[in-house]
Every structure is written in C-alpha cells, then in structure tokens.
1. When segment 37-65 is examined, which residues are found to be surrounded by 23 or more Cβ atoms within 10 Å (Cβ to Cβ) and either modelled with pLDDT of 95 or more or farther than 23 Å from E133 by Cβ (or both)?
2. Kindly check whether there is at least one residue in segment 151-169 that is within 16 Å of the chain's Cα centre (by Cα), aliphatic (A, V, I, L, M), in a helix (DSSP H, G or I) and closer than 25 Å to W27 by Cα.
3. Those residues that are in a helix (DSSP H, G or I), of a type in the set (S, T, N, Q) and either within 14 Å of the chain's Cα centre (by Cα) or farther than 19 Å from R103 by Cβ (or both), I need them from segment 34-79; list them, please.
4. So which residues in segment 114-138 are part of a helix (DSSP H, G or I) and touching a residue at least 24 places away in the same chain (Cβ under 8 Å)?
5. Pick from segment 80-113 the residues that are in a helix (DSSP H, G or I) and of a type in the set (S, T, Y): which of them is farthest from D171 (Cα to Cα)?
Amino acid sequence: CKLNILAIPFGDYIDTNAGIKCGTVSWRRTSDLAIPSRAKIVGSYVNPAFSKTEAMLNGYDEAIVLTHDGKVSEGSAEHVFIVRDGLLVSPPSTEDNLDGITRRSIIDMAQEDLGITFKERSIGRSELYVVEEMFLCGTGAQITPVASVDRRQVGDGGVGPVTARLKQYFDDVVHGRVEARKKWLTPVWG
C-alpha cells in the first residue's frame, strides 16, 4: 500500500481580509438526526453546496445556514462567531454544525491567550442584525470578517476590533510566531 500526499497552495476561495456579504439561505443545515453533522462526511456536502450556490445567486459572498428550528448553524463551510455587548459568541455543535478544530482553536486562543470572554449559545437569525461584529472561520476561511448579513450592515461595516485582534493572533499562531502555540504545528519541510 502506498500513500501519496500532495501539498499545494490553496489560495483564498473567500476574501479573508475585507468584510464579506452573507445571506441567510432557504436551505436548512442537515440535521444530526439525518446524518452526523459533527463529522466531515462526503455525502453531506451537497447541503452546503446548495447553500453556497443560493447565496451567490442572490448576490452574496457566503451563506448563513439555519437549523430546522431557525437557529444559526454555520456558513456553507465555516463556523459563525459574533461579538455582542463585548462578548464573543458561537453556536454549539448541537445546532447541527461541525465540531471543528479551527473553531475550538479560536475559542482556546481567545480565552486563554487574549483574555476574551467567550460564550457558547444559540443565536437567532435576527440577532445577526444587531451584533457589533461577526466573522466566519474554518480551515480555508481562516478568520473572515462579515460586513453585512441579509443586506444589513454589521457594526460599522468594517473589521471590528475583536475580529481584527483574533485574526492577527490566528495568523501569528499558524505561521509559528507564537512560541506557546508552536506545539499545534507540525513542520512538513526538510
């Protein structure tokens, strides 16, 4: 048996620097009762593909996908974080989203390294319209600021201070510039 691994630059499939436009889509996140949402299962990728397509056809950069109960689940392939009243918030994995490594890493960095207070709780769709900041995160998305949701401006429409701080720190961690987090990295070069 032979294993081949090919590492190539992925590039940005979403603008991770300027704020993006998100739209809530009609598709609902596949329920954990139908297919395990906490796992990356190939068969479940049709749901986010339809969600992303609908968002783009409606003029958005990315989708916000709700649960069957109307709570925020995730983006098409990213976790959702908001800042409300100075508190960093993200929906729990019980809202049918992936229990992602990037999400857990951001929570650890926020609380342990940056002293940012975090709370995991449900988020209603309309709450997205009144938050100070919002960002999406994931392996490919890294930390992507959100400028608007459903054509409603988030905060001042730019990158908020909490998002900017986390984004810079995340970049420092993944590029090996934070000594305390180097254990998270595995060099793959000679």
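1. Kept after step one, since they are surrounded by 23 or more Cβ atoms within 10 Å (Cβ to Cβ), are these residues of segment 37-65: 37, 51, 55, 62-65.
Once the filter is applied, which keeps residues that are surrounded by 23 or more Cβ atoms within 10 Å (Cβ to Cβ) and either modelled with pLDDT of 95 or more or farther than 23 Å from E133 by Cβ (or both), segment 37-65 yields S37, A55, E62, A63, I64, V65.
2. no
3. The one that is in a helix (DSSP H, G or I), of a type in the set (S, T, N, Q) and either within 14 Å of the chain's Cα centre (by Cα) or farther than 19 Å from R103 by Cβ (or both): T53.
4. Result: R125, E127, L128.
5. T94
Condition check ((1) at positive phi; (2) open to solvent by 40 Å² or more (accessible area, probe 1.4 Å); (3) not polar (S, T, N, Q)) across all residues:
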residue	(1), (2), (3)
T102	no, no, no
K119	no, yes, yes
Y129	no, yes, yes
Q142	yes, yes, no
S148	no, no, no
G157	yes, no, yes
T163	no, no, no
L166	no, no, yes
E179	no, yes, yes
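The values are calculated or read from the model by the stated rules, or taken from the named source; none is laboratory data. Just so it is clear, the model here is predicted, and its values are computed rather than measured. Reconstructed Cβ throughout: ideal geometry from the backbone, glycine too, with neighbour counts over all protein chains shown. Areas reflect the complete protein model, heavy atoms only, side chains present, ligands, DNA and RNA absent. Shrake-Rupley method; radii C 1.70, N 1.55, O 1.52, S 1.80 Å.
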